[in-house]
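The values are calculated or read from the model by the stated rules, or taken from the named source; none is laboratory data. Model, not experiment: these values are computed from the prediction. Cβ sites come from the backbone with ideal geometry, for glycine too, and all protein chains shown count toward neighbours. We work out accessible area using only protein heavy atoms, side chains counted, and drop any ligands, DNA or RNA first. Shrake-Rupley method; radii C 1.70, N 1.55, O 1.52, S 1.80 Å.
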Amino acid sequence: MAKKINTCSFCGRPESQIEFFIMGMDGVQICNECALQAAEIVKENTVAASRHDSFDRNEIPKPAEIKEYLDQYVIGQDEAKKHLSVAVYNHYKRLMQVRTDDDVEIEKSNIIMVGYTGTGKTLLARTIAKKLHVPFTIVDATVLTEAGYVGEDIESILTRLLQVADYNVQEAERGIVFIDEIDKIARKGDNPSITRDVSGEGVQQGLLKLLEGSVVNVPPQGGRKHPEQKLIPVNTQNILFICGGAFDGIEKKIASRLNTRTVGYGAIANAEKIDKNNMLQYIAPQDLKAFGLIPEIIGRLPVLTYLEPLDRAALRRILTEPKNSIIKQYVKLFKMDDVDLVFNEDVLDYIVDKAIEYKLGARGLRSITEMIMTDKMYETPSKKVKKVTITLAYAQSKLEKANINRLKSV
């Protein structure tokens, strides 16, 4: 009589082809490979179910908690932080809303942030992404063009969001998108263009369907490079859009609207109340229209906030205080080589002064510090030293040698 072959009750493979069996009742057994596969199936279905379920209200970070988290990484900008925190919190609540008898549906409040270059718009977006429990992506509006022209299509924004969500459409449809450099797609004048404006007004028209909420067919691999690919329908109804831009020169539009140059006693009295060093705080939707955003876009970005210009005190704090401040990063780099790095206080003041002198903003702090530190980072790993101190004389000599004038803001 032939000997009975011991096999897996699921895949039927014999004992000789697997590592071991897991025994069950009544002689049922599963091999190690089927057990692993079953565990993966359970995991995928559990994650999918949890994604589909509404958020637990207790798990949603409150606006004050979100702002407190932002405070650890971004100095100042309280007004923008509050608007962002409230918008993100309300976004979670929109995802939790259940249809009720009162038929009240909470609409999303897309945001537009206006601020000078280097004031922290993108940093705010990157930082808040760490705190979120929904997919988040940052896209650059400067690469977008109207469909049919060289550049990226509008749908590529959602392609990035899909990639972040591991192509889980349900998850992507609850996400948040930060569109940077939104001012670069402003049309060339305040009147509708007669000629083609493929990277300006045309892109704005294309963005409308994303911002207002509609089903968009998205190429999973990007636009025209793979024309044969199957399109994925994505509903943007619950996707929150946050836009940011420097809007260079918009202060003139604001000043014109506020009539700051009008002569007369009443005009002088009103002008005295206006802080001309921070005109962005008076920004209004009509200023965005005058700059070149079409009214339809402005209407779909109902929350308008601004970022304060960075003064000397703010730049000094940015250099050392945040969790991932520039100085802390360099100290950690040297610490990995068992070297203690010390900056004299006057060196830090010197770096800030140069950033202000050349109008470089917060991002200029990194460029200046890098110029000062390059030689030390090159030499120190090869030397047996335990401590490196950066003095003012050393910093000044390195900046003179590096020709800092090339960083000067135009």
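Annotations for the structure displayed:
- Rounded to the nearest 10 square angstrom, ASP26 shows an accessible area of 150 square angstrom against a 1.4 Å probe.
- Largest first, the residues VAL42, VAL143 sort by 1.4 Å accessible area into VAL42, VAL143.
- For the stretch 64-129, a Kirkwood radius taken over Cα pairs fed into Stokes-Einstein (4 °C, viscosity 1.567 mPa s) yields D = 98 µm²/s.
- Full-extension gain in nm, ILE41 to ASP71, via 0.36 nm per residue minus C-alpha separation: 6.7 nm
- Remark: the stretch 106-149 carries 39 Å² of accessible area per residue (probe radius 1.4 Å; ligands, DNA and RNA excluded).
- The per residue volume of the convex hull around the alpha-carbon atoms of the stretch 315-396 is 82 Å³.
- Evaluated at q = 0.21, 0.28, 0.29 Å⁻¹: base-10 log I(q)/I(0), Debye formula over Cα of the stretch 283-331: -0.71, -1.02, -1.06
- Residues whose amide H comes within less than 5 Å of that of CYS31, counting only those at least five positions distant or on another chain, are SER9, PHE10, CYS11, ILE22 (H built at 1.01 Å from N in the peptide plane).
- FRET efficiency estimate (nearest 0.05) - Cβ-Cβ, GLN170 to LYS62, R0 30 angstrom: 0.75
- Per residue solvent-accessible surface (Å²) - the stretch 286-335, probe of 1.4 Å: 47
- Accessible-area composition of the stretch 303-410, carbon plus sulfur, in percent [1.4 Å probe]: 51
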